[in-house]
Amino acid sequence: MKIKEVKAFEVDVGQLRARHGGARRDRGQGPSYAWEGLEPASPMARYQEYKGSRSAWSATWKSTVCVVTAEDGTFGLGISGLAGPVVRIINDHFAPHLEGEECMATEKAFDMMARTATPFGSHGLASFAISAVDLALWDLKGKIEERPVYELLGGPQKERIPCYATGFDYEWYLELGFGAVKLPLPYGPVDGAEGLAKAEEMVASVRDRTGPGVDLMLDCWMALDVDYTVRLAEALRPYRIRWIEDFLMPEEMDGFAEVRRRLPWQTLATGEHWYMPQTFWHAAKRRLVDILQPDPLWAGGISACVRICYLAEAAGLEVILHGGMNNPYGQHLSFAMPAITWGERSGGVSPPGVPLSETVSLPGTAVIEDGFLVPSDAPGFGLELDAAWLESI
C-alpha cells in the first residue's frame with residue numbers, strides 16, 4: 001500500500017490536554033520544576049536577565065503533529081516540537097519525496113529523509129522533522145498490520161516498565177507509587193561555591209524526606225562546565241545520587257570525556273540533546289556516559305532510537321528515553337528494547353492530588369500505575385483518534 005499524503009501542522013499540546021479532559025497546573029501552584037522560585041539552571045544563566053528563568057529564552061513555537069495517510073484512508077500520527085520551522089521542513093521538503101512510497105518501508109523512508117536533509121544537516125531541526133514523520137509511519141504500519149508497534153519491534157521484552165518521575169513534587173510522586181525521583185538543578189557555575197552549598201542543601205532536604213530507599217537523580221540541563229560538574233558530584237556523594245545527567249553542552253564531547261575521567265565512580269547520563277544515531281555511536285565508542293537518553297520525538301523517531309538501543313547494548317550501556325513515558329511512542333519502544341531499563345515521566349507529571357489519568361494529552365495513551373506501565377495493545381501506538389479528533393485540533 002502506498003503513502004497518499006504526508007502533512008504536518010502545528011498544535012498547542014497544553015491546550016490539547018485541557019480540551020480533552022486533562023488537568024493543567026493552577027497558576028498558584030507554581031511549576032513542579034521550580035525550587036524556591038528558581039527554574040532549572042540553563043546554558044543562558046551566565047546572563048543576568050535569564051538567570052533563574054529558563055522559560056525567558058526558550059523557543060515559543062508550538063508542537064508539530066504529522067499525519068501520514070495511506071491510499072485506503074488509514075492514517076498514522078506522529079508528534080515532535082518546534083513547529084515553526086519543522087512543519088515547513090516536512091511539508092515542503094520531505095512530503096514530496098515520500099508520497100507514493102510504500103507505507104511499510106520505514107527503513108527506506110528514514111534513509112531518504114536523512115539523505116535529503118544532508119544539504120542543511122540531519123541533526124537538530126531536521127531530526128525533529130524526521131522524528132514526526134517516522135513516528136507517524138510506525139503508527140500507520142501497526143494499524144495496517146493490526147498489531148501494536150511493540151510487536152513489530154520484536155514483542156514485549158519485559159512484563160512492565162518501571163518508571164520514575166521528574167520534578168519537585170516528590171512526596172506526591174511517592175504517593176503515586178514511583179520509586180525514584182529526578183530533581184532539576186537550579187544552580188550552576190555562575191552561582192559559585194554558594195550554589196554548590198545550596199545544591200547540597202536541596203538534595204539533603206529531599207533525601208531526608210524520601211529516606212534511603214528512593215533513588216535520586218539530578219538533571220543539570222546543559223548548565224554546567226567540567227569543573228563545576230566534578231565539584232558538584234563530590235559534594236553530593238554522601239547522598240548517593242543514582243546518576244547526574246545532561247551536565248554539559250551537547251557538543252562538548254571532550255568535556256564529557258574529561259568528566260568521565262575525573263568521576264569514575266559516578267554514574268553519568270546524557271543524550272536528550274543529541275540527534276540521530278551517529279552522535280550516540282561516537283559517545284558509545286568512547287564510553288562518555290553510562291546511560292544514553294535519546295528522545296524519540298527529537299532524535300529521529302523509532303527508527304533512530306532502535307539503532308541507538310543496539311549501539312548501547314553492544315557497548316554495555318543503558319538507554320533511558322527522555323520523557324519516554326509521557327507518550328505512547330516511548331512507551332512502546334521501552335517495552336520492546338532490552339537496552340531500555342527505566343521509563344521517565346516528566347512534563348510536570350501531575351499536580352498534587354490529580355491522578356495521572358487526567359494528564360494525558362493524546363487519547364489512548366497508557367497511564368502509569370503504582371510506578372509501572374504497560375503500553376496499549378491496540379494497533380499502532382494505540383492512539384484513540386479519528387478524523388473528527390484531527391479536525392478538532
Restrict the search to region 49-144; then list the trypsin sites (Lys or Arg not before Pro) that DSSP places in a loop and that have at most 12 other Cβ atoms within 10 Å of their Cβ.
none
Evaluated at q = 0.08, 0.09, 0.14 Å⁻¹: base-10 log I(q)/I(0), Debye formula over Cα of the chain
-0.40, -0.51, -1.28
Please list, in order, the residues from region 198-216 whose amide nitrogen is less than 20 Å from a point placed 7 Å along the Cα→Cβ vector of Asp370.
213-215
Subtract the Cα-Cα distance of Leu390 and Lys2 from 0.36 nm times their separation in residues, and report this length gain in nm to one decimal.
137.5 nm
When the chain is fully extended, how far beyond the present Cα-Cα distance does Glu146 get from Arg286, taking 0.36 nm per residue of separation?
46.3 nm
With Cα coordinates, the longest principal axis of the chain makes an angle with the long axis of helix 226-236, in degrees rounded to 10, of 70 degrees
Using Cα pairs closer than 8 Å and at least 6 residues apart in sequence, work out the relative contact order for the chain, in percent.
21 percent
Relative contact order for region 3-146, counting Cα pairs under 8 Å that sit 6 or more residues apart, in percent:
31 percent
Checking the cross-link filter: which aspartates and glutamates have an alpha carbon closer than 12 Å to that of Lys108, excluding same-chain neighbours under 8 positions apart?
Asp134
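Rule-based calculations on the coordinates, nothing more; no lab input. Just so you know, these numbers come straight off a predicted model, no measurement behind them. Ideal geometry is used to build each Cβ from the backbone, glycine not excepted, and the neighbour counts take in all protein chains shown.
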